[in-house]
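Inspection log for the structure reproduced underneath, given as structure tokens.
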Amino acid sequence: MLYSFFELSRAAMLPWRAAANVTRRSLRNPLNPAADTLAGRAMAAGADLFESLTRYYGKPEWDLSPTEVNAKPVPIEVETVWSKPFCNLIHFKRDRSALAKARGVKASQIKDPKVLLVAPMSGHHATLLRGTVEAFLPDAEVYITDWIDARHVPVIDGRFDLDDYVLYVREMIEAVGEGTHVVAVCQPGPPTLAAIALMAEDDDPKRPATMTFMGSPIDSRKSPTVPNKLSEERPYAWFRDNLIHTVPATYPGALRRVYPGFLQLTGFINMNFDRHVDAHHRFFNHLVEGDGDSAEKHRSFYDEYLSVMDLTEEFYLQTIQDVFQEHKLARGEMTVRGRPVRPEAITDIGLLTVEGENDDISGIGQTQAAHGLCSNLPARLQKDHIQPGVGHYGVFNGRRFREEIAPMMKAFMTEHAVRKPARKAA
């Protein structure tokens, strides 16, 4: 009922949004005498703010500009190279002739590393990692997991749980191929580590060269944050009975039971409510003052932030139980379709962990826990980095990510691009 009520409420706002759009456009028409008055600009700004707060935000486009290599533009084409009902594997294909020209080499000489970004399935779309993608494009063949909104997946396509997530990730690593550098951002840390552990135990020749975990809840018992505490304070039944709803008939995934994206978004906003209020107040002032650049930055951020996706019931509840309540991976109790997950089987894959000093989602130590779980991995293959002055978002996006974290990650990948056999004990 809650989902249907939400949809009805949004539909009821359509006439008001239409009126706000008419008001905004008329007050910004240069032929309107009120357009240059303070009152006119304030009314137009108010209408703009109302429209932005009540709009339906669909999945954002990638809209990537050509990447620059040696100050020369290299066009990017977004292509799907692997697909299943709940995920597409996206490749950001660079124009090889333009890339070769920019580097002054033949196209056949280009042997860039392959980087697979495992995007979170935690409410936002993979486009939230647009900045992460852009940072690697000049130097690598970049792939990303583009998870599909559960409300758009017909019930006939079946269920999707945490075990499926692990198996999807393994298949995508294999699809990208041998020597891949896997980067898991936030939520996918545990299932990605599980997928790689299974590949290592099977001696899979396509297991990655390196694995990087960024702000991930590998062991959420360490430095627990507000979301971690909430997951433990409330029983499993509370999440099942209060947060799971049915997709209305207006969507392809009608009747599918999901954790709605709008509930996750409400939680995100409530964590930093004052900050969001201040941001919208500044947005209003920028519009009144005619500061178009600042207003556009606000729009760009919130167009992404307010676009959310639904998660399947089984995936969300299993994640709550296995990752945040029972800590199965950290305790050595995780299984995938009944098969034990053994991170200690990983012996020849570079491990990099990255955490933010001010992360309020995954506290310091939660991602570092991966090192302890990979107990048979030589120290020469391990590196841990805590980035000063950044929160959760800053771990994988923003100026410090571009200038400090990304170069460090690239250096680590280069160092461990060639697999070295594990040293045998004497």
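Values in this text are rule-based calculations from the coordinates and carry no lab data. As the structure is a computational prediction, the values presented were derived from the model and not from experiment. Every residue, glycine as well, gets a Cβ built from its backbone with ideal geometry; the counts of neighbours run over all protein chains shown.
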*Taking Lys410 as the anchor, which aspartates and glutamates have their alpha carbon closer than 15 Å to its alpha carbon, excluding any fewer than eight residues away along the same chain?*
Asp112, Glu134, Asp139, Glu141, Asp384
*Rounded to the nearest 20 Debye, what is the dipole magnitude of the stretch 213-270 about its Cα centre when Lys and Arg each give +1 and Asp and Glu each give -1 at the C-beta?*
80 debye
*With the dipole of the stretch 353-426 worked out from charges on the C-beta (+1 for Lys and Arg, -1 for Asp and Glu) around the Cα centre, which of Ile361, Gly372, Ile386 lies farthest toward the positive end?*
Gly372
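About the Cα centre, and with charges only on the beta carbon of Lys, Arg (+1) and Asp, Glu (-1), how big is the dipole of the stretch 111-201? Nearest 20 debye, please.
Details: 6 positive and 14 negative charges, 41 e Å.
Roughly 200 debye, rounded to the nearest 20.
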*In whole Å, how far is the Cα centre of the stretch 305-381 from that of the stretch 135-171?*
17 Å
*asked:* Checking the table Lys84/Lys383; Lys328/Lys383; Lys111/Lys383; Lys84/Lys328 against a 31 Å threshold on Cα-Cα, which pairs fail?
replied: Lys84/Lys383
